[in-house]
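Enquirer: Mind having a look at this structure? Questions to follow.
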Amino acid sequence: MPSAQINQPSNQIRLTNVSLVRMKKGKKRYEIACYKNTVTSFRAGHETDLDNVLQIPNVFLNVSKGQAAPNDDLKKSFPGMTRDEVVLEILKKGEIQVGEKERSQELERVHKEVIEIVAGRLVDPKSKRVYTTGMIEKALDQLSSQGGHAGRHAGKGPSEAEDRSKSRDQSTATAESGSITPALADGDAAKAAEKAKPVWTGVSTSKSSKSQALEAMKALIAHQPIPVARARMRLRITCPTSILKQNVKSTPKAEGEEAEKTNVKDRILSFVEQVESQDVLGEEWEVVGFVEPGSFKTLSEFVSTQTKGRARAEVLDMAVTHEGD
């Protein structure tokens, strides 16, 4: 009997373990075939060998059907670019297509990283102790489930709704009688302030874990679903004693106010929330203390510009916290 074996064409290209990167130009959609988990490494600069990234160094209209993009289409969509340059353009700026399983795994990985970063940089403002990742995750879930912020009026009963309705009616009546209602203006201002606060709607795979962690921290600090504050940085600042008393201008506290005159030493100490130690070693003054992370950039700029680099700010600990018992 003849063999039941099916012979495959020897020149057939079998695309397995493929990850598509797509780019739309006008009405045309172009695709390139890459190996899984290599595109992000290439974009981050970790992988530089295109042979390890591209399955086939070509541009397709449809990878699954093996339909290569005609030269005429590429010339119209990417004028002045060669086919190889188009491949690189799509690889750098195209949209990565992944399956549901891979997308879910990537989302879970980013979610875990964001929670760990936030848990390591926020503390209870009273006890100065860190929260567990579970508590941080629960607080962020609360923010995302309430449209990005922890609404103070969530779950209000009918009676409270009626009270608010009555209050509005009274305000309207007062306004019609010709008098101004400051409470109404205050309410509008409070609503505007609430809208201006940062929101949290959950993680995505389109941004880095670090940037999303910063967004999450801002939202938690703004809305306080649980009491939180940024963990402080521990710094060592050194400065030659010869320039400590040099006059500098401090940043005005309010717009229109004149900048107050102060000296280098007092200006540096204004950034330090809590001084741990302060000493003069030979011709150098040294202070070790705690600084809010948000003030570190301004302190660094002051040290580099006002002292012309003669003073130094050294980070001893990025986030000083106390572990829970």
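Enquirer: Does the range 40-52 contain at least one residue that is within 26 Å of residue 214 (Cα to Cα) and at pLDDT 90 or above?
Expert: The first filter runs over the range 40-52 and keeps only residues within 26 Å of residue 214 (Cα to Cα), leaving 40-46.
Among the residues that remain, those that are also at pLDDT 90 or above are: none.
Scanning the range 40-52 turns up no residue that is within 26 Å of residue 214 (Cα to Cα) and at pLDDT 90 or above.
Enquirer: If a residue must be small (Gly, Ala, Ser) and without any contact (Cβ under 8 Å) to a residue 60 or more places away in the chain, how many such residues does the range 96-131 contain?
Expert: Let us first name the residues in the range 96-131 that are small (Gly, Ala, Ser), namely 99, 104, 119-120, 127.
So of that shortlist, the ones also without any contact (Cβ under 8 Å) to a residue 60 or more places away in the chain come out as 99, 104, 119.
Summing the residues that are small (Gly, Ala, Ser) and without any contact (Cβ under 8 Å) to a residue 60 or more places away in the chain in the range 96-131 gives 3.
Enquirer: Just a yes or no: is a residue in the range 227-245 open to solvent by less than 70 Å² (accessible area, probe 1.4 Å), at pLDDT 60 or above, closer than 30 Å to residue 268 by Cα and among the small types (Gly, Ala, Ser)?
Expert: The answer is yes, given that some residue of the range 227-245 is open to solvent by less than 70 Å² (accessible area, probe 1.4 Å), at pLDDT 60 or above, closer than 30 Å to residue 268 by Cα and among the small types (Gly, Ala, Ser).
Enquirer: Which condition number in (1) modelled with pLDDT of 90 or more; (2) touching an Asp or Glu at 6+ places or on another chain (Cβ under 7 Å); (3) open to solvent by less than 70 Å² (accessible area, probe 1.4 Å) is the one that residue 222 fails?
Expert: (2)
Enquirer: Still on this structure, I have one more. Exactly one of (1) farther than 14 Å from residue 235 by Cβ; (2) open to solvent by 90 Å² or more (accessible area, probe 1.4 Å) is unmet by residue 309. Its number?
Expert: With (1) farther than 14 Å from residue 235 by Cβ; (2) open to solvent by 90 Å² or more (accessible area, probe 1.4 Å) applied to residue 309, the lone miss is (2).
Enquirer: So, one more: Is it the case that some residue within the range 205-213 is charged (D, E, K, R), at pLDDT 85 or above and open to solvent by 30 Å² or more (accessible area, probe 1.4 Å)? Before you say what the answer is, go through the steps one by one.
Expert: Let us first name the residues in the range 205-213 that are charged (D, E, K, R), namely 207, 210.
Still in the running and at pLDDT 85 or above: 210.
Add one more test, that the residue is open to solvent by 30 Å² or more (accessible area, probe 1.4 Å), and what stays is 210.
Within the range 205-213, one or more residues are charged (D, E, K, R), at pLDDT 85 or above and open to solvent by 30 Å² or more (accessible area, probe 1.4 Å).
Enquirer: Moving on to the next point. Any idea which residue in the range 131-142 is nearest to residue 224 (Cα to Cα), counting only those that are open to solvent by less than 50 Å² (accessible area, probe 1.4 Å) and part of a helix (DSSP H, G or I)? Lay out the reasoning, then the answer.
Expert: As a first pass, look at the range 131-142 and keep what is open to solvent by less than 50 Å² (accessible area, probe 1.4 Å): 131, 134, 136, 139-140.
Imposing the further condition that a residue be part of a helix (DSSP H, G or I) reduces the set to 134, 136, 139-140.
On the way: 134: 16, 136: 11, 139: 9, 140: 10 Å.
In this case the residue turns out to be 139.
Enquirer: Take the residues of the range 16-25 that are open to solvent by 20 Å² or more (accessible area, probe 1.4 Å) and part of a strand (DSSP E or B): which is modelled with the lowest pLDDT? Talk me through it step by step, then tell me what you get.
Expert: Start the filter on the range 16-25 by keeping residues that are open to solvent by 20 Å² or more (accessible area, probe 1.4 Å), which leaves 16-18, 20, 22-25.
Checking the rest, the ones that are also part of a strand (DSSP E or B) come to 18, 20, 22-25.
Details: 18: 81, 20: 90, 22: 93, 23: 94, 24: 92, 25: 90.
Ranking the qualifying residues of the range 16-25, first place goes to 18.
Enquirer: Moving on to the next point. Restricting to the range 306-320, name every residue that is farther than 13 Å from residue 243 by Cα and outside any strand (DSSP E or B).
Expert: Answer for the range 306-320, where residues must be farther than 13 Å from residue 243 by Cα and outside any strand (DSSP E or B): there is none.
The values are calculated or read from the model by the stated rules, or taken from the named source; none is laboratory data. Values in this document were obtained by computation on a predicted structure and should not be read as measured data. So basically every Cβ, Gly included, is an ideal-geometry build from the backbone, and we count neighbours across all protein chains shown. Just the protein is used for accessible areas: all its heavy atoms, side chains included, with ligands, DNA and RNA removed. Shrake-Rupley method; radii C 1.70, N 1.55, O 1.52, S 1.80 Å.
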